[in-house]
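Let me begin by presenting the structure, written as structure tokens, before commenting on it.
The values are calculated or read from the model by the stated rules, or taken from the named source; none is laboratory data. Predicted model only: the values in this text are computed from it and were never measured. For neighbour counting, all protein chains shown are included, and Cβ atoms are generated from backbone atoms with ideal geometry for every residue, glycine included.
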Amino acid sequence: MAYLLHHEGLTGALRIFGKKPQMNDADLLKRLRKQLGEDAGKALNSLLERYDYEPAAAYKGWLFSYIDANICVDHFVIEDAKKFATPPRSMAAIAQLLSSGIQVAKPKPKARSDKKGNQTPAHSSSKTTPPSSGKPLPDHQTQSATTQIAPANRWHDPLAVCTLRTAGLAGKTGAMFGWTRNGGKKNHQGIDLAANPGTPIYAVADGIVYSKKSPSSSYAYGNTLVLEVGINDLPEPQAAEFRRINPNARTIGFFYAHLSGLPDTPKQIVKSGDVIGKTGSSGNASKMTSIALGAHLHFEVRLEARKVATGLANRADPLPFIVNCTNR
């Protein structure tokens, strides 16, 4: 709440809670473009599509996800978070309690009745559910209420807000894929997305997660997982990029590193938008304990999901797959 007041001011917060008249669509779109930064066009279009082209809902959805991604409540509690019976509320859940009828995400369709009076369940739901197999992820259920389990063949960015890391680097280029480090003398195998430790990470598509604790303190990646996804489980933009970089292949891997939280079992079937872990500072990111110190999610695309290779072998640029990057 304190951060929302800081970001929006009192009048803006009252608008969010439905206590003041909402801004007009033009002003809301202007604010969204400003918040999303340079080259905001694709990100804005994606955000508006997610909220049925309603600028007010899109702005609230972006704002709540942004706050949840940047403020980790667990960092402000005295006792160990595991002692708490329930995870902290998301910003959207808090807003629901303080407002009158605020609608952040698309409403759940009502069940239909057939001629005999039997109800047919709705085909989609706004409720967030844990992965479809294995035990639930109790430590990972800090997912924003604005984020939904997506229908089949849908993409979900790995973080609620994706921003290329700049802290500890000469600029955002150093967070990108390829020969981008040390003036082009050193390669970087993925992209670094700024995130405080403890930030939820999401399955980008339907697939199988294989997770692995760091084998040693010297292992650069720390705690990791790889999500293996079939081409038929990707939406067309990502599937087209898949075919471009890896013709005739049927599966691809999305690799997450430096994690703190992992799934309860080393292999799980997940759906797009499931919370599958938490960012951290494991591996060679051990001193990066805040965004200001360089904390990030290292995210890779691997042509063969579970193949281990050095350098840029078996890897491709992840950035074309990301829908919403604030500083692409």
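Just a few scattered comments:
Residue-by-condition table, conditions (1) surrounded by 15 or more Cβ atoms within 10 Å (Cβ to Cβ); (2) under 23 Å from residue 155 (Cα atoms); (3) aliphatic (A, V, I, L, M); (4) touching a residue at least 12 places away in the same chain (Cβ under 8 Å):
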residue	(1), (2), (3), (4)
191	yes, yes, yes, yes
200	yes, yes, no, yes
206	yes, yes, no, yes
240	no, yes, yes, no
251	yes, yes, no, yes
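- Subset of the range 1-37 [farther than 19 Å from residue 65 by Cα and among the charged types (D, E, K, R)]: 19, 20, 25, 27
- Filter result (in a helix (DSSP H, G or I), surrounded by 13 or more Cβ atoms within 10 Å (Cβ to Cβ) and not charged (D, E, K, R)) within the range 14-38: 14, 16, 28, 29, 32, 35, 36
- Here the range 225-235 is the region considered, the condition is being of a type outside the set (A, V, I, L, M, F, W, C) and in contact (Cβ under 8 Å) with a residue 40 or more places away in the chain, and the residue that is surrounded by the most Cβ atoms within 10 Å (Cβ to Cβ) is 233.
- So residue 5, is it surrounded by 15 or more Cβ atoms within 10 Å (Cβ to Cβ) and at pLDDT 75 or above: no
A quick yes/no check of all residues on (1) surrounded by 22 or more Cβ atoms within 10 Å (Cβ to Cβ); (2) of a type in the set (D, E, K, R); (3) not in a strand (DSSP E or B):
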{"site": "259", "(1), (2), (3)": "yes, no, no"}
{"site": "268", "(1), (2), (3)": "yes, no, no"}
{"site": "272", "(1), (2), (3)": "yes, no, yes"}
{"site": "278", "(1), (2), (3)": "yes, yes, no"}
{"site": "301", "(1), (2), (3)": "yes, no, no"}
{"site": "308", "(1), (2), (3)": "no, no, yes"}
{"site": "323", "(1), (2), (3)": "no, no, yes"}
{"site": "327", "(1), (2), (3)": "no, no, yes"}
